[in-house]
Each structure stands twice: as structure tokens, then as C-alpha cells.
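Report on the following structure.
The values are calculated or read from the model by the stated rules, or taken from the named source; none is laboratory data. Owing to the predicted nature of the structure, the values given are computational and were not obtained by experimental measurement. Note that we place each Cβ from the backbone using ideal geometry, even for glycine, and neighbour counts take in every protein chain shown. These accessible areas exclude ligands, DNA and RNA; they are computed on the full protein's heavy atoms, side chains included. Shrake-Rupley method; radii C 1.70, N 1.55, O 1.52, S 1.80 Å.
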Amino acid sequence: MAKLLNIRNFYASYPTRQGEVKACKDINLKIQKGETIGLIGETGCGKSTLALSILRLLPSNSIVSGEIIFQGQNLLQLGQEEIRKLRGSQIALIPQSSGTCLNPVLQIGNQIKETLQLHQKLSFSQAQQKAVTMLDHLNLPDARKHLKYYPHQLSGGMKQRVLAALGLAGNPALLIADEPTKGLDAVARYQVAETLRQLSHETGAGTLLITHDLKLAYYLCNWIAVMYAGEIIEQGPVHEVLEHPLHPYTVALINSLPGRKLTPIPGTSPDLLTPSTGCYFYSRCSRAEADCNLKHPVMQEYSGRQVRCNYFASSKEFDKNLLYRTLQETAI
């Protein structure tokens, strides 16, 4: 597969009256064409900041460094006009709040047609037919009839499919789906999951899926990255990471799910204004040692995966089965 997006040594922070909030630190992540990458972690860990950084939609006073290479171009070096041309046409966002992201006073058909006319330069009649075809393709029942509906007349799952149609209107190479199942019931979550799976399979677009729904990530993703306190602390093939996590935080995150042990993670996330010089998970980690609070862990490679933990830094050779027993083997 050809490389689509390559994020290298990326940092992002926000100046505030209290100090500089370090929202993303040393982020390295790749997305290939046709691949779906999951990004998971607690609220406030930096997932949405990373997504907005790709779209260059961070506040104007943000401080960023590193590289975000999209199809050979460093997005951080593009001018405002150049990045505007990429948004919607080459990089599209499917936002999390379908209830607020659709214009409440416009029929959904008009919203989709306007987007199609903007990005694909279609006539009104061509855009009308294309809108019907897209919604049919996304399994919205009686699509022609629903084009005349207003957002409040649609269910949550239907609105998410309309947002998906809007995102695809420019035939993007990269889709960013930010919490697409948030607030939806089980039936709507399944519908959205099927829509995203279908989009990835049929369009060949790369997808960055930001989600708290680990079952959704398990179902849709090829690769998954776990974020904590602005850093990626573990990444690898989705089934390996979620079935046999290496980092203690990943284990704790999985065990906090309702379908697992529903065990809360003790303590709170660290203050991003004054992060520790050691491991950010130190105060919440059941396996922490004294030097973990002094030495900040770096990413270590292990069998095609990466993990940011001092355990791996201190031992190049270790017993995988012993490690799994120590961390407590888990599965979704």
C-alpha cells in the first residue's frame, strides 16, 4: 500500500494565562491508502487536537512543530489558500456531533448538493442525482424522499450517514472520523460502523478513526494507536493491541470498559501544563517502579509494535508470556 499520511515528531501546544498546555508530544503515525487507523484514549488526551492539526484548524496562537506529510506535502508549511483547497476535496472530516454540524434550516439534499457543486463542479441536476446515488450507496432508505427532510426529521444514524455523504462529496483521499458513534444507540452504532467499513472498502481512502468505542475500533481498524497525556504510548495491529496489550495504561483502559471488569483507572490524568519529568502514567500504574518517576520512557520496538514504557527500555530481551501474565491478559 502507498503511504498517504506520515506524521513525524509532531508537537502542538496552546499558550494560556496559566502557562503552555502541551497537547501533543512526539507524535509519530502513518496511514496508508485504504487503511483505517484507530486513535483511542481518555477525553483530553490529545486525539482531537491531532485531528485538527492535520486539517490546520487549531487556534491561531497554537505552537506546532514537526511534520505532517500528506501525499508528499508538509501540511504545516502550506499557505492558508493551499490548505483550504485540500480541506473537503482531499482531506475530509466526519465530525462527532451530527445534531449540530448540519444546518438546521436547510434540507439535507441542498446541503449535499451545494457541497457536490463546490468540489466536483456539477450542475444542479447532476448534483441532485449524485446526492441520491450517494445516500442510496450509504443505505439511507428512500434516499430521494429524505433529500427533502430537515436534520431534525432524521434519526442519529441517518444524520451520521448524511455527514458521511458530505465528507465524501469531494472524493477525499483521507477521511477523519471523530467519534462517529458518540451518543448513538446500539442500532445506530451498527449502522454507522457498516457505513464506515463500506466507505473504506469501496473508496480506497485512508481513514483516521478517533473513538472511545473499542469494539468499533476492533471491527474497523487495521492498526491502532493509544494516546495518553498527549503522547502515543502504544501502537500496533489492532487485534494484537486490544487482545494482548503491552502498556499498563492500555490494560487499564480495556478493563474499565462496561463489557470487561468495569474497573476504574485510579487517580487522574496528569496536568498538561506541568507534566512530570518521568512517566506520565506513573501515579496511576500498578507496575511502576521508583525510577519510572524520574526517567521519561521512549518508544521501544517489539515484534512490529511500539510501546512507551520503561520496562521495555530496561530489557531488550524479555519473556513475552511472563509480561502478559504480569499485565493480565485481556481481550475485547
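Some points to look at:
- Projecting the Cα positions of Ser256, Leu196, Pro297 onto the charge dipole of the chain (unit charges on Cβ atoms of Lys, Arg, Asp and Glu, taken about the Cα centre) puts Leu196 furthest along the positive direction.
- Cβ charges +1 (Lys, Arg) and -1 (Asp, Glu), total dipole of the chain, debye: 680
- Accessible solvent surface per residue of segment 164-241, calculated while the other protein chains remain in place, 1.4 angstrom probe, Å²: 33
- ³J(HN,Hα) computed for each position of segment 180-185 - Karplus, 6.51 cos²θ - 1.76 cosθ + 1.60, integer Hz, glycine/proline x: x, 10, 4, x, 9, 6
- Net charge dipole, segment 1-122: roughly 160 debye, given to the nearest 20, about the Cα centre with Cβ charges of +1 for Lys and Arg and -1 for Asp and Glu.
- In segment 141-280, the inverse of the mean reciprocal separation of distinct Cα atoms equals 17.2 Å; this is its Kirkwood hydrodynamic radius.
- Principal axis box of the chain, alpha-carbon based, largest edge first, Å: 68, 43, 40
- For the set Arg8, Arg17, Arg284, Arg84, the ranking by accessible area, highest first and with no ligand, DNA or RNA atoms included, is Arg17, Arg84, Arg8, Arg284 under a 1.4 Å probe.
- Beyond 24 Å in Cα-Cα separation lie the following of the pairs Lys85/Lys130; Lys33/Lys159; Lys182/Lys215; Lys3/Lys47: Lys33/Lys159.
- Rounded to 5, percent antiparallel among DSSP beta bridges of the chain: 65
- Charged neighbours of Met299, selected by a Cβ distance under 12 Å, balance to -1 (K, R count +1; D, E count -1).
- Loop GluC sites (Glu not before Pro), segment 153-245, which have at most 15 other Cβ atoms in a 10 Å radius of their Cβ (DSSP): none
- Protein accessible area in the chain, 1.4 Å probe - carbon and sulfur %: 52
- Per residue accessible area of segment 14-146, 1.4 Å probe, in Å²: 49
- With q set to 0.15, 0.19, 0.25 Å⁻¹, the log10 of I(q)/I(0) for segment 124-193, from the Debye formula over equal scatterers at the Cα positions, is -0.50, -0.79, -1.24.
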